[in-house]
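Undergrad: Handing you this structure, nothing more for now.
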Amino acid sequence: MDASLFHGLKGEHIYFKALDTKDVQEIHSYVSDKEVSRFIGWRLMHTVDETYEHIEGLLKREAAGTHLYASVVLKSTETVIGTAMIFNFYESAKHAEVGYVFHKDYWGKGYGTETIALMNHFAFEVLGLHKLHARVIGANIGSSKVLEKNGFKLEGRLKDYHLIEDVYDDDLLFGKVQPI
């Protein structure tokens with residue numbers, strides 16, 4: 001799998017670039033935010049050193065060919081505003097999972113929707129996948145809307161799956177089959 005193709009995706013307002021430890025400060029600004037981290041599967045990063053080690057771990061997974069990661073960059077400012085990922089490849093059935101995380105200052109501005117659209121095209125047209133899925137914490141209404149705007153359908157709900165700050169929340173499973 002050629003990760004450079006994923007890293008080169010370009011949209012109207014954003015583009016993807018390879019994840020890089022040089023961007024640790026910008027990435028730390030959102031992975032260290034408690035409000036952001038409650039909706040993602042990564043633990044809250046408390047120090048820049050922790051974030052640096054986290055990025056190194058992501059890069060190792062990508063080098064092993066099991067995950068694709070990209071920094072999402074806002075064209076107008078050249079600022080890293082988030083991370084996009086395709087992972088959990090099930091090669092024989094041609095499925096994979098998509099994920100994304102953004103600095104909260106960029107929520108609700110259409111960048112998540114644009115990111116998923118870029119990943120949809122890449123996964124279906126370049127990788128030749130049959131299906132994509134995404135898992136969303138029930139309270140993350142914004143993320144559910146991003147997926148629905150991109151043609152994903154709610155396929156399942158695991159009740160009380162996540163325990164976040166002593167409160168249980170559901171795990172929502174969204175899916176999209178390659179359009180014909």
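Values in this text are rule-based calculations from the coordinates and carry no lab data. Source: prediction; values computed, not measured. Counting neighbours? That spans all protein chains shown, and the Cβs are built from the backbone with ideal geometry, glycine included.
Undergrad: Which residues' amide hydrogens lie under 5 Å from the amide hydrogen of Leu19, considering only partners 5 or more residues apart or on another chain, with H built in the peptide plane?
TA: Answer set, sorted by chain and number: Ser71.
Undergrad: Let me ask you something else. Once you've got the GNM for the chain with C-alpha springs shorter than 10 Å, pick whichever of Leu118, Leu127, Leu58 has the biggest mean-square fluctuation.
TA: Comparing Leu118, Leu127, Leu58 in a Gaussian network model of the chain, the most mobile one is Leu127.
Undergrad: What is the antiparallel percent of DSSP beta bridges lying wholly in the chain, to the nearest 5?
TA: 90
Undergrad: Length gain on complete extension for the stretch Glu35 to Asn140, per 0.36 nm per residue less the alpha carbon to alpha carbon distance?
TA: Full-extension gain reported as 36.7 nm.
Undergrad: Under 14 Å from a point placed 7 Å out from the Cα of Gln178 along the Cα-to-Cβ direction: which residues of segment 68-110 have their backbone N that close?
TA: Within reach of a label on Gln178: 90-96.
Undergrad: If we count other beta carbons within 10 Å of each Cβ, what is the order of Glu12, Glu114, fewest first?
TA: Starting with the residue having the fewest Cβ neighbours, the order is Glu12, Glu114.
Undergrad: A further question on this structure: Bin width 10 Å, alpha-carbon pairs only: give the P(r) of the chain as whole percents, running from 0 to the bin holding the largest distance.
TA: Going out from 0 Å in 10 Å bins, the chain shows 9, 38, 40, 12, 0 percent.
Undergrad: A follow-up question, please. Based on Cβ point charges of +1 for Lys and Arg and -1 for Asp and Glu, what charge dipole magnitude is obtained for the chain about its Cα centre, in debye rounded to the nearest 20?
TA: 580
Undergrad: Want the number for Trp42 to Glu26: 0.36 nm per residue separation, take away the alpha-carbon distance, what's left?
TA: Full-extension gain reported as 4.1 nm.
Undergrad: Report the full-extension gain for the segment Glu148 to Thr113: residue separation times 0.36 nm, less the Cα-Cα distance, to one decimal in nm.
TA: 11.7 nm
Undergrad: Over the chain, calculate the relative contact order: mean separation of alpha carbon pairs under 8 Å at least 6 apart, over the residue count, as a percent.
TA: Normalised by residue count, the contact order of the chain is 18 percent.
Undergrad: Sort Ser143, Ser37, Ser76, Ser71 by Cβ crowding within 10 Å, fewest neighbours at the top.
TA: Ser76, Ser37, Ser71, Ser143
Undergrad: Straight distance only, please: which aspartates and glutamates reach the Cα of Lys60 with their own Cα at less than 19 Å, same-chain residues fewer than 8 apart left out?
TA: Cross-link targets: Asp2, Asp20, Asp23, Asp49, Glu50, Glu97.
Undergrad: How many nm separate the modelled label positions at Lys131 and Ser76, each set 7 Å beyond the Cα in the direction of the Cβ?
TA: 3.9
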